[in-house]
Amino acid sequence: MQSWQDDRIGSIERGTNPTLLARLDAGYAVIADTQFLPGYCVLLPKRPVGQLNDLPIEERVAFLKDMTVLGDAIAEACAPVVRLNYDILGNADTYLHAHVFPRYAWESPERLRLPTWLYPSECWTSDEYRFDRERYSAVRSSIAKILRDKTVSMTDAATSL
C-alpha cells in the first residue's frame, strides 16, 4: 500500500495527507515532516513539476506569492521569529517544493548564521522532532487559521477591485 509520503500532492487531493494546512492559490501549505524548528513548513505546487522554471510565468509568480503568504503565517504563529529562511532546492526530492523555516533567537548565534541544512542529521531524522499531529497541534492549528484568514482577506480584496 502506498504511503501518503510517496505521493504528497496526490494524497492531498485524496484527503489522506495529515500535514495539509491550507489550499492556496498555486499550492498546498503543509507542515514539514520534522519540527526541530517549530513551524517549519513546505509549499507544494498544485500539480507535480520538476522545478519552478517548468511552470508558466503566471504560475511561478503565484507560487512565489503563496510562499511569502505561508511565511507571513509562520512568522505570526511562531512569534517571535528572528527571520524566515526560504529555500527552493530540489536536490534530494527532485520535484518543486519550497521550504519555509522560522529562525529563532534561542538558536545559537553560530547556528543562526548558517543554513538550516547544516543542522545535525539527528534533527532531520530523530523521532523527537518527527511531525506528530497531536504533539504539534497548536502550531499547526495556528498556522492553518492564519492562512485561512489571510486567503479569505486576499480573496475579498481581489473581488472588491
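Is region 90-97 home to any residue that is open to solvent by 60 Å² or more (accessible area, probe 1.4 Å) and acidic (Asp, Glu)? Yes, because at least one residue in region 90-97 is open to solvent by 60 Å² or more (accessible area, probe 1.4 Å) and acidic (Asp, Glu). Summed over region 66-106, residues that are free of Cβ contacts under 8 Å to residues at least 24 places away in the same chain and acidic (Asp, Glu) total 1. Answer yes or no as to whether residue 42 is at pLDDT 95 or above, of a type in the set (Val, Ile, Thr), within 28 Å of residue 149 (Cα to Cα) and assigned to a helix (DSSP H, G or I). No.
Out of all the residues in region 1-39, which are hydrophobic (A, V, I, L, M, F, W, C), free of Cβ contacts under 8 Å to residues at least 60 places away in the same chain and in a strand (DSSP E or B)? Lay out the reasoning, then the answer.
Pass one, region 1-39, residues hydrophobic (A, V, I, L, M, F, W, C): 1, 4, 9, 12, 20-22, 24, 26, 29-32, 36-37.
Subsequent filtering for residues that are free of Cβ contacts under 8 Å to residues at least 60 places away in the same chain retains 1, 4, 9, 12, 20, 26, 30.
Passing the criteria: 20, 30.
When residues in region 24-68 are screened for being open to solvent by 20 Å² or more (accessible area, probe 1.4 Å) and of a type in the set (Val, Ile, Thr), 3 of them pass.
For region 24-65, the set of residues classified as of a type in the set (Asp, Glu) and farther than 22 Å from residue 117 by Cβ consists of 25, 54, 58, 59, listed by residue number.
Has region 1-18 got at least one residue that is touching an Asp or Glu at 6+ places or on another chain (Cβ under 8 Å) and surrounded by 14 or more Cβ atoms within 10 Å (Cβ to Cβ)? Scanning region 1-18 turns up no residue that is touching an Asp or Glu at 6+ places or on another chain (Cβ under 8 Å) and surrounded by 14 or more Cβ atoms within 10 Å (Cβ to Cβ).
Kindly evaluate residue 76 against the criterion of being at pLDDT 95 or above, in a helix (DSSP H, G or I) and more than 21 Å from residue 37 (Cβ to Cβ). No. Counting the residues of region 103-137 that are within 18 Å of the chain's Cα centre (by Cα) and basic (Lys, Arg) gives 4.
The residues in region 98-150 that are in a loop (DSSP other than H, G, I, E, B), open to solvent by 80 Å² or more (accessible area, probe 1.4 Å), out of contact with any Lys or Arg (no Cβ under 9 Å at 6 or more places or on another chain) and at pLDDT below 95 can be counted, and the count is 5.
The values are calculated or read from the model by the stated rules, or taken from the named source; none is laboratory data. Every value quoted in this text rests on a predicted model; they were computed, and no experiment measured them. Backbone-built Cβ (ideal geometry, glycine too); neighbour counts: all protein chains shown. In case anyone asks, the SASA skips ligands and DNA or RNA and just uses the protein heavy atoms, side chains included. Shrake-Rupley method; radii C 1.70, N 1.55, O 1.52, S 1.80 Å.
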